[in-house]
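What follows is a single structure, written as structure tokens, with notes after it.
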Amino acid sequence: MPVRRLLLATLVAALLAGCETTTVTRVDPAVAASIAAETPGNYFIGRRYYKKDYKMWGWVRKPGQPWKTAQLVMLNENTKLAPDRAAGTLGVDHNTEYRLQGRFTGGKVYEPASNSFYPEFVLTGIEVRSTTPPFIYRDRSALDPKVRLLVPPL
């Protein structure tokens, strides 16, 4: 009986080890290189994070800072529309990385699907930085717009 348990434990461990390929636990060198190449300045880096059931815009951080410092924001588009809204197709720019002009208001905006408050960011300018940026999340399911999971970047 103990041999059977040992074999079963080994099999379970092997199966679980196979699942680890979908999980990232450290920052990719391509992400670190991308951040290191950013020039300091009065702008922000934003990554569109479209989720079908949520209304927040995406992750925003200061240039040169790691993605783990980014904040998930609600976008104030009174001055400038986000590219997907301007195109009339929400989420078409999912996972696109942008150079953003704007400011945090210091206010929080309620998002009903998540029942949470997020920082408000007033967008005044936006330009595409990359449509195929390096992967910044712990789990690949973070990029599935249908998955109701809000995964912070690494």
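What's log10 of I(q)/I(0) for segment 25-143 at q = 0.15, 0.19 Å⁻¹, Debye sum over Cα points only, no solvent? Values, matching the q order: -0.66, -1.08. Taking 0.36 nm per residue of sequence separation and removing the Cα-Cα distance, the A32/L90 pair yields an extension gain of 18.0 nm. Put a dot 7 Å past the Cα of K146, heading toward its Cβ, do the same for Q71, and the two dots end up 3.3 nm apart. Extension gain, F104-T79: 0.36 nm per intervening residue step, less the Cα-Cα distance, totals 7.6 nm.
Around S141, what is the net charge, scoring Lys/Arg as +1 and Asp/Glu as -1 over all other residues with Cβ under 13 Å from its Cβ? Walk me through the numbers on the way to the answer.
Values: positive: K51, R138, R140, K146, R148; negative: D139, D144.
Taking every other residue near S141 into account, the sum is +3.
Cross-link partners of K52 among lysines, defined as those whose alpha carbon lies under 25 angstrom from its own and excluding same-chain residues fewer than eight positions apart: K68, K80, K108, K146. Applied to segment 31-42, the Karplus parametrisation 6.51 cos²θ - 1.76 cosθ + 1.60 on θ = phi - 60° returns per-residue 3J(HN,Hα) values of 5, 4, 5, 4, 5, 4, 7, 6, 7, x, x, 8 Hz, with x for Gly and Pro. Here the 3J(HN,Hα) profile of segment 44-52, calculated from phi with Karplus coefficients 6.51, -1.76 and 1.60 at θ = phi - 60°, is 9, 10, x, 10, 5, 10, 7, 10, 3 Hz, Gly and Pro shown as x. Find out how many positive minus negative residues lie around E111, taking Lys and Arg as positive, Asp and Glu as negative, among other residues whose Cβ is under 13 Å from that of E111. Around E111, the surrounding residues sum to +2.
All of the numbers you see were taken from the coordinates with simple rules; none came from a lab. Remember, it's a predicted structure, so these values are computed and weren't measured experimentally. With ideal geometry, Cβ positions are generated from the backbone for all residues, glycine too; neighbour counts draw on all protein chains shown.
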